[in-house]
Structures are given as structure tokens and as C-alpha cells.
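Since every read-out is calculated from the coordinates, none of them should be taken as a lab result. Being a predicted model, the structure only gives us computed values, none of them experimental. No Cβ is skipped: glycine too gets one built from the backbone with ideal geometry, and neighbour counts run over all protein chains shown.
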Amino acid sequence: MRIKRLHRFMLMSFIGPLFLTFFIVIFLLLMQFLWKYIDELAGKGLSAGVIAELLLYTSTSLVPMALPLAILLASLMTFGNLGENYELTALKSAGISLQRIMAPLVVLVAGISVLAFFFSNNVMPYANLKMRALLYDIRQKRPAFQITEGIFYNGIDGYSIKVGRKDPRTNKLYNIKIYDHTAGKGNISVTTADSGLMKMTPDSNLIFILYSGYSYNELEDETRSRSHRTYPHRMDYFQQQELILSLSGFGFNRTDENLFKGGYQMMNLKQLSKARDSLNQDFNLNRQVFYKDLLAVNYFRSDFLVRKKKEGDTLFLKNPPLTLKKFYPDSIYDTLPLPDKKLVISQALGLARTAQSYISSQKETFYNKIKRIRRHEIEWHRKFTLSFACLIFFFIGAPLGAIIRKGGLGMPVVISVLFFVVYYVISLIGEKMVRENLIPAAEGMWISSAILLPLGIYLTYKATTDSAILNLDTYTRFIRKIMIALKVEEENSAG
């Protein structure tokens, strides 16, 4: 009964900080996303529903990054609070070991890690697909139609509009100039007006009602030749005129999401494995074709010339040299006269340059193919590493919180951010090395876990044995012992 109460107490002490820190981290990462894309979102007249949908999908895609950090921070806060309030000391004095205290949380975090894996494999691809498609549609949408006084507005295809002044009370416009470029021949059509009104129609059209103005048009006389062609001018005066401009491009249109399904971030493990196998097969096939073409076309051409003296004629052997049992190019070259030697050297240099150019172009092609394969492998391993990071950060945060015995959001936040930055930087370095094809994908993606896992085991061992690893006196005494030992050794060597 006492153990069940202890388990319930530990779970309740951990779940609260976990939810708090998780939503704080999600909020901070979401603000970072908005800061990055604020220029593409602002001024486009997006509805609240579209913004909320984008934030929902973005928040979902940020869960694998936020969850390990939340577990690290929550475990630090939980065991730091227990240590600061001497509750951890009371539990240990009652004969309950740190492993028994951590046991229910280990089971909980292991379950969270499993759920995080299924979330990354099943929910994340769908969220990424929705977010990428929606973000693409937002980028394609033009900014909201808004004309600034004294500045030409070129947001409407084929038109350039300038308004001298706007009356905010009556919405009336003054000193209006509209340049029509739809013909693609420059400023051949201009409309000016002293004043006017502007209104939108439900069918995405903009109507200008212009008062007291002129329309200027240059008319090209196409009946004459270009050298004798004239450009007569026509000016029309009007008291009132309506000008209708189409704003169909300003609407928000949804793109077919199937166009984005080929991205590696939109695939689960099965799809990533299938895509990786297909890419590897295509790469191996292209490499074999490249090898055969390099030998047959560039290195050993089938129209290779063998010169033999026979009544002054030159014989051509159409079989490639690879089919010959013995082939001595130096001997053949020595039998040629000097002009033919120069010709052969010139042709050989040309073929060598062609082969070099072919190899350089194929090298870039193969590099891009390998890079694409590595990206699929990175995404495949990422679904496991992010889940495993939850366990690693718990075994770092829980014993570290028991050692430092500081709760709240002060010291735990600093330590959590420090460890997470170290983990993230190591992960980025490993991922970049994989993308550059310097190390295998398994090594690059698991290097951060391989470095931090021994640290978690070490901290758990030190917390279990009540070792004061953060006590300055411990290290001072250790350094003092080393100095004394060195001094004794120096005196012995001097004596």
C-alpha cells in the first residue's frame, strides 16, 4: 500500500510539470516559427481559420522536438523540488532507494517514448503534409490589395496605379493615374482622373468609378512598314467612367496535397524503406550505365584506329581493343609518321577532355542521388532517435535534479537548455556528416544518443550513491591530493 501511494505521489508530482513545460516549449517553438515566416503571413488578408489551421499543424510537427526537452525539464523540476523540500531525503531514510522512487516514472517515460514513436511514424507525416501544402498555398497568395498614397501599386498584373490622396471619411480617391500594360508594349495607355471611388465585387473584381478625367492611347499604324510606321495619339475626355480590373489572383486557393506526398518528411517507416530501396536500385543502375559508357565511348572507342602498312593504305579494325588478346598502343604509335602522331595526340586530348567533362557532370548527378538517399535514411532513423531521446533525457534530468536539489523554473531551465543545446548541436553535426556522405546514417543519427547515454548512466549511479558531483569542495580536495602527490614525488626525486 505504501509503495502504491509512493507511485501515485511521484506520478502526480511529475505529470504537472511535464504538461506545463511541454506547452511552454511548444509555445516558444511556435513563436520561433511565426518569427521566421511572419513576412509571408502578414498583409495577405488570411482568415482566422487558415491561421489557426497552420498553427495546429505546425504545433503537431514540433511535438517530437518539444517532448524530449519537456521531459528533461520536468524531471529536473520534480526531483529538484523533492530534494529542495527534503522529501527525497525522507524517502531515502525510510529505506526506499532512488531506483524504487524513479520506477513509476521510468515506466511512464518508456510508455511516452513508445507513443512518441508511433506519433512520429503515423501522425507526423500527415501533419507535415498538411503544413507544407498550406504553407505553399499561403506563399502563392498575393498580399491584400492596398494602395498607398503617392506610391505606384503594381500588385495587379498588367496595371500600375497611383493615387495622390485618399479621404478616410468618404473613401474617395484624388489625382488618380492608371497605366495599362496588358498589351505588353509599355506605357501606351494611361487613364487619369481628378477623383474616383474604388469598390470590390463578390466575383473578385475591382471597380474604379472615375470622375473628370482623360484617357491617353497611342495607336500603332500597322499598315506601313516598320521604318515608316507612325504612332498616332488619341485623347478621350470623360465625366464619369468605370474601369473593371480582375483580382482573381488574390484569392486563397488550395493545392492538391498529392503533389507533396513524395517528400521524405511526409512518409512513414514503410514508405521510407520502399523509397530508399527504389533510389538505391536506380543509383546502382545509373552507375553501371555510366561505367559501361565510360569504357565503351570515352576510354576504349569501338572505332579505334590501328595503322598497318600495306601498299600505302590504312586499315581500320572495327573491333574494340578490349577484344584483342595483346594490345600495345606504344608500338602502334611508334609506327605512325610524325603528322599522324600529332593528329593522334590532338584527338586523344580532345577525347580526354570529353571524358573529363562527362565524369564531372555525372559526379554531380551521382552526388545529388546519394544526397537524396541519405535524406531518406536520416528521416528513417530520426523516428527512433527522437523517441529514444525521451528516455535519455529522463535519466539525465531525474538524477541531476536529485543531486542539485533545486526546483522551480530557475536552475532547471538553465541546465535543461544547456543539455538540449549540446544534444541538438551534436545531432546537427552528425546529420550534416551523413548528408555529406562522410559517415553512415546509423552512426550520424545515433551519435548524440551514444554520447549522452553514458552520461545519464553515470549521473544515475552518482545520484544512487549520494555522490556530491556538483560540490566544489569535492573537486578542490581531489586537486589538492594530486598536488600533494606531485610534490612528494618531486622531493623523492630530489633526495
If I take R0 = 30 Å and measure r between the Cβ atoms of PHE283 and LEU56 in this structure, what FRET efficiency does the formula 1/(1 + (r/R0)^6) give, to the nearest 0.05?
0.20
TRP380, TRP446 arranged by Cβ crowding within 10 Å, fewest neighbours leading
TRP446, TRP380
Ranked ILE51, ILE26, criterion: other C-beta atoms within 10 Å, fewest first
ILE51, ILE26
Using a basic spin-label model with each label point 7 Å from the Cα along Cα→Cβ, how many nm lie between ASN171 and VAL421?
5.2 nm
Cβ density ranking, 10 Å radius, fewest first, applied to LEU295, LEU272 yields LEU295, LEU272
Any idea how far apart LEU115 and TYR37 come out in nm if each label point goes 7 Å out from Cα toward Cβ?
2.6 nm
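Count the net charge of all other residues whose Cβ sits under 12 Å from the Cβ of VAL123, scoring Lys and Arg as +1 and Asp and Glu as -1.
+2
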Anything over 22 Å Cα to Cα? Flag those among LYS383/LYS406; LYS166/LYS199; LYS406/LYS462; LYS292/LYS342; LYS383/LYS462; LYS130/LYS432, in the order listed.
LYS383/LYS406; LYS292/LYS342; LYS383/LYS462; LYS130/LYS432
Label-point separation in nm, PHE366 to ILE207, each point 7 Å along Cα→Cβ:
6.7 nm
